[in-house]
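Peer 1: Handing you a structure now.
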Amino acid sequence: MIENRPSGRGRVVRTRRSPSPSAAGALAEIDQRLLDVLCTHRVVRQDQLGQLFPEIPERTLRYSTRRLHDLGLAGRSRPYREQGSAPNHHWPTRRADCLMHGEPVPRGGERKQPNPVFLAHAAALTDLYVAVITNARAAGFKRLGYQREGEARETFKHGARERALAPDATLGLLDEQDRQFSAFVEIDLGTMSHTRLRAKAELYAAYSASDAWRERHAFLPALLFLTTTDTRARRFLKALARALSYGPPLRKRRAFVAGAAGIAWAPHRLLTDPCLSDLDGNTDLTLLDILDAAHAPYEQALAHRRERREAEEEKRRHLREEPVAMREHLRHHEHALDSYFQALGEPGVNAIKLLLASNEQPLPNERGTLRAIARDLGGALAEPGRQAADPPSAEVTGEVALLIEDYRATQTRQLRALAASHGEGPSLRRTWNLLREGGLLNPTALDRLPQDAEHDAAGRREQHKRRDVYLDWREQAARQLARKAGPLGRLTHRPEDFYPQLDQERLRVCTSCEETIYPRARKAGSPPPTSCHYCRQPHGTKPYDPTSTASTESEAYQ
């Protein structure tokens, strides 16, 4: 509008247009892109916008920033500069933040103009971002990840104390070999006191010692400290080295990689010049040198895991193809696979025990079982105790069933051979009943069976001797009972009629062996015997029943 002055001269006064929701909703694409950059980086200089949008004419950028300012979505100022004029510094208003986040317009007025210290620090961070984004490709990086303080903040627990690490920014870079690097960035424009710098160094040392980084990072990121002078950078590195030291006399240092340089006003040198120093006093290092040093332990761990996986896969292949090696492997890890084998049932467990106890070349059914178990265990084959194995598959169950039948036939042949050599006894009889019911002898019982058969043969000989003595005694005792019956009794009772009475009084049956126990020659009135001829146990007997027999028919072995 035209305003009249007493002098008669008139001048045009441009009034700022009031921001309106309709105007904000009609933003052009370039306006929205600029506003997104402002809300992300908080402070952006006009020259930085030109670097971030090289395809857009500078005049268009100036017009768009002025439009955002007129709409109340951006603020701007020109900090003092000793020489020349500083470019405009743009920042988002509260209204812009709400617009970008889809939130309602805030109440309580706009934020105040940022102070010069904040403007300088935030603009320096944007400088770093611009330098990295424009020089990353030339430096050998093909992708950039960048987070400001709000997103990069990490809380962690050091001892009993809750702490928070809030770097100015976090860089994520991907090189041409697809290696991912990560680094914390701290920018110091010479405004932090030495006490604050030492506190910051101690905070990073505590973060390293707490291992809290493992929750968010694959490896401990490096620290890039960019300050005003190289002298100040070296002082910070010394403070950090002291904070990382531990143990008497502080000769050990926690693993942490840091690089520092006096390039806060020229962050592009980070990717173009060897300007960094590290904790060991090395100088003229490149950014990739520092990132490589931080990434090296992770690379070593990956290589170790890769070698271990390859070794385990080779071991699994060998076990799948070599039944003898697989049998030895299962024998070594039998305890770790106990629950896996128990799911096969008692006959299956005994079959596996027989298989593992053998030192002979595996038979066809044994090889089939070993290969099926190797396939079934899969990833748990190399180290069965390291992870729980699933129940046996149908393939393993079928192979073990065939193996049980094979072993049962073999044990039946062994049983018949022992019966033919030593006769039928309680041990062989119990074994036959077990095999007939679908069971199987375990290796211990199978090894002990010949000895048990010999023991039973000795017990049978003793039993037969005592039986002969007992039969002679019974005949005499029956005759005496018949004579005591008188003339009439002798006519109605023969001596053999008293045999059942004497047998019930003098004989017992072992409840374990089901064999008749005959007494030694004793006087009349002495107690019946209680010690079995076979198991030698003085207990577990029952009365003799003349109507039943304790012996097993020999046809059972046929």
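None of the figures in this text is laboratory data; all of them are computed from the coordinates on show. The structure displayed is predicted, hence computed values, not measured ones. For neighbour counting, all protein chains shown are included, and Cβ atoms are generated from backbone atoms with ideal geometry for every residue, glycine included.
Peer 1: What number, in percent, do you get for the relative contact order of the stretch 17-114 if the mean sequence gap of Cα pairs under 8 Å and at least 6 apart is divided by its residue count?
Peer 2: The value is 30 percent.
Peer 1: Working out 0.36 nm times the residue gap between Y246 and S358, then minus their Cα-Cα distance, what length gain in nm do you get to one decimal?
Peer 2: Once the chain is fully extended between Y246 and S358, it gains 34.7 nm.
Peer 1: Compute, for the stretch 121-185, the length of the dipole vector about the Cα centre, with Cβ point charges of +1 (Lys, Arg) and -1 (Asp, Glu) only. Units Debye, rounded to 20.
Peer 2: It comes to approximately 140 debye.
Peer 1: To the nearest 0.05, how large is the calculated FRET efficiency for H332 and A394 if R₀ is 22 Å and r is the Cβ-Cβ distance?
Peer 2: Approximately 0.25, to the nearest 0.05.
Peer 1: How many nm separate the modelled label positions at Q177 and R430, each set 7 Å beyond the Cα in the direction of the Cβ?
Peer 2: Label at Q177, label at R430, 6.9 nm between them.
Peer 1: Please state the relative contact order of the chain as a whole percent: Cα pairs under 8 Å, 6+ residues apart?
Peer 2: About 6 percent, as a whole number.
Peer 1: What are the lysines whose alpha-carbon lies under 22 Å from the alpha-carbon of K484, with same-chain residues fewer than 8 places away excluded?
Peer 2: Within reach: K523.
Peer 1: Which FRET efficiency, nearest 0.05, do R163 and D273 yield, Cβ-Cβ r, R0 41 Å?
Peer 2: The calculated FRET efficiency here is 0.75.
Peer 1: How far is helix 58-70 tilted, in degrees, relative to the longest principal axis of the Cα atoms in the chain, given as a value from 0 to 90 rounded to the nearest 10?
Peer 2: 80 degrees
Peer 1: Next up: Applying the Karplus parametrisation 6.51 cos²θ - 1.76 cosθ + 1.60 with θ = phi - 60° to the phi angles of the stretch 305-315, what ³J(HN,Hα) value in whole Hz is obtained for each residue in order, glycine and proline being reported as x?
Peer 2: Going residue by residue, I get 5, 5, 5, 5, 4, 5, 5, 5, 5, 5, 5 Hz, with x marking Gly and Pro.
Peer 1: Additional query: Under a point spin-label approximation (7 Å from Cα along Cα-to-Cβ), what is the T231-F118 distance to one decimal in nm?
Peer 2: My value for the distance between the label points is 3.2 nm.
Peer 1: Need one number: the % of Cα-Cα pairs in the chain sitting beyond the 40 Å mark.
Peer 2: Beyond 40 Å sits 61 percent of the P(r) for the chain.
Peer 1: Let me know the volume per residue of the alpha-carbon convex hull for the stretch 17-114, in Å³.
Peer 2: Hull volume over Cα atoms, normalised by residue count, gives 107 Å³.
Peer 1: I'd like the orientation of helix 364-377 relative to the chain: the angle between its Cα long axis and the longest Cα principal axis, in ° from 0 to 90, rounded to 10.
Peer 2: It is inclined by approximately 30 degrees.
Peer 1: Further question: Give me H533, H268 sorted ascending by neighbouring Cβ count inside 10 Å, so fewest comes first.
Peer 2: So the residues, fewest neighbours to most, are H268, H533.
Peer 1: Helix 29-41 versus the longest principal axis of the chain: what angle, 0 to 90°, nearest 10, using Cα atoms?
Peer 2: Between the helix axis and the principal axis of the chain, the angle is about 70 degrees.
Peer 1: Under a plain spin-label model, where a point goes 7 Å from the Cα along Cα-to-Cβ, how far apart in nm are R317 and W265?
Peer 2: It works out to 6.2 nm between the two label points.
Peer 1: Any chance you could run the full-extension gain for R107 through E215? It's 0.36 nm times the residue separation minus the Cα-Cα distance, nm to one decimal.
Peer 2: 35.1 nm
Peer 1: Report the FRET efficiency, 1/(1 + (r/R0)^6), for A457 and A325, where r is their Cβ-Cβ distance and R0 is 30 Å, rounded to 0.05.
Peer 2: The pair A457/A325 has a calculated efficiency of 0.10.
Peer 1: Excluding residues fewer than 8 places away in the same chain, name every one of the lysines whose C-alpha is closer than 28 Å to that of K252.
Peer 2: Once the sequence-local lysines are set aside, what remains near K252 is K157, K200, K238.
Peer 1: Another question, if that's okay. Where a Cα-Cα gap under 19 Å defines reach, which aspartates and glutamates qualify for K315, not counting those fewer than 8 residues away within the same chain?
Peer 2: Excluding near neighbours in sequence, the set is E307, E328, E334, D376, E383.
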